[in-house]
Amino acid sequence: MSVSDELRGRTVGVLGGTGPQGRGLARRFGAAGLDVVLGSRDAERAAQTAAGLPGRVLGGSNADAAAQADIVVVAVPWDGHAELLTTLAPALAGKIVVDCVNPLGFDKQGAYALAVAEGSAAQQAAALLPGSRVVAAFHHVSAVHLEDPDLDRVDTDVLVLGDDREATDLVRELAAAIPGVRGVYGGRLRNAHQVEAFTANLISVNRRYRAHAGLRITDV
């Protein structure tokens, strides 16, 4: 699938690109024809992972991905979110940063949303990256589906939230580069908490029905 004119020529970086979500997104972006830099704390591991993905995907450190990309997807574990973004803030200045981190806890009853002082992971990113254009997206896309090379389409919508119209429109195009996916504007960044928290509900659905459920918005 060809990418839109708005995306053509841009490089996408994925922080935490060797984890399931980051690796899956990198796979789909690479297959769509985008240039991708897959970042990790372990640059060698990132290079090995990138070598097994389709398209123009290179591996390096998280700092490499932040420096080389025009659009940077944050797919790191919540417990390392603030520290990494604080470190990379200078490299991320002036760039679109797409946060897909879900602050969740797990106990015997299942997944639940964690309280975040700033309101959400995306709002924390915006506070730590005042020079970046922060957008929240890709919270509800199944990593299993993203990583399945035999699955041609990923049947889901992606809610895209942010305060910068141009940035949210471009991230909607990024979502649409994945066959079967549609990017849908979901409101201002202040509404990211409930989008992140809803992931706990999807995890419950998946456990009960042994599925990899996504989200579809009707009448849009």
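Under 5 Å from the amide H of SER132 lie the amide H atoms of GLY94, each residue being 5 or more positions distant or on a separate chain, with H modelled from the backbone and absent for Pro and chain starts.
List the trypsin sites (Lys or Arg not before Pro) within the range 25-122 that fall in a DSSP loop (any state other than H, G, I, E or B) and whose Cβ has at most 15 other Cβ atoms within 10 Å.
When the trypsin sites (Lys or Arg not before Pro) of the range 25-122 are filtered for loop state and at most 15 Cβ neighbours within 10 Å, ARG41, ARG56, LYS108 remain.
Under 5 Å between amide hydrogens, built in the peptide plane, is the criterion, and for GLY59 it picks out LEU38 among residues at least 5 positions away or on other chains.
Computed with a 1.4 Å probe over protein heavy atoms only, the accessible area of SER40 comes to about 10 Å².
Expressed as a rounded percentage, what relative contact order does the range 5-209 have, with Cα pairs under 8 Å and six or more residues apart?
18 percent
Solvent-accessible surface of the chain, taken per residue with a 1.4 Å probe and all protein chains present: 47 Å².
Taking all protein chains as they are arranged and a probe of 1.4 Å, the heavy atoms of HIS139 leave approximately 10 Å² accessible to solvent. Calculated translational diffusion coefficient of the chain (20 °C, 1.002 mPa s; Stokes-Einstein with Kirkwood radius over alpha-carbon pairs) equals 126 µm²/s.
Measuring nothing but protein heavy atoms, the accessible surface of the chain at 1.4 Å probe radius is 49 percent carbon and sulfur. Its Cα centre serving as origin, the range 5-209 has a Cβ charge dipole (Lys and Arg +1, Asp and Glu -1) of approximately 220 debye.
Stretching the chain fully between VAL144 and ASN191 yields a gain of 14.3 nm (0.36 nm per residue, less the alpha carbon separation). In this structure, the amide hydrogen of VAL184, modeled 1.01 Å from its nitrogen in the peptide plane, lies closer than 5 angstrom to those of VAL158, LEU159, VAL160, counting only residues at least 5 positions away or on a different chain.
Taking 0.36 nm per residue of separation and subtracting the Cα-Cα distance, full extension of the segment from ASP70 to ARG182 would add 38.2 nm.
Ranking ASP99, ASP219, ASP5 by solvent-accessible area of protein heavy atoms (1.4 Å probe, all protein chains present), from largest to smallest, gives ASP219, ASP5, ASP99.
The values are calculated or read from the model by the stated rules, or taken from the named source; none is laboratory data. This is a predicted model, so every value here is computed, not measured. Virtual Cβ from ideal backbone geometry, glycine too; neighbours counted across all protein chains shown. For accessibility, only protein heavy atoms count, side chains too; no ligands or nucleic acids. Shrake-Rupley method; radii C 1.70, N 1.55, O 1.52, S 1.80 Å.
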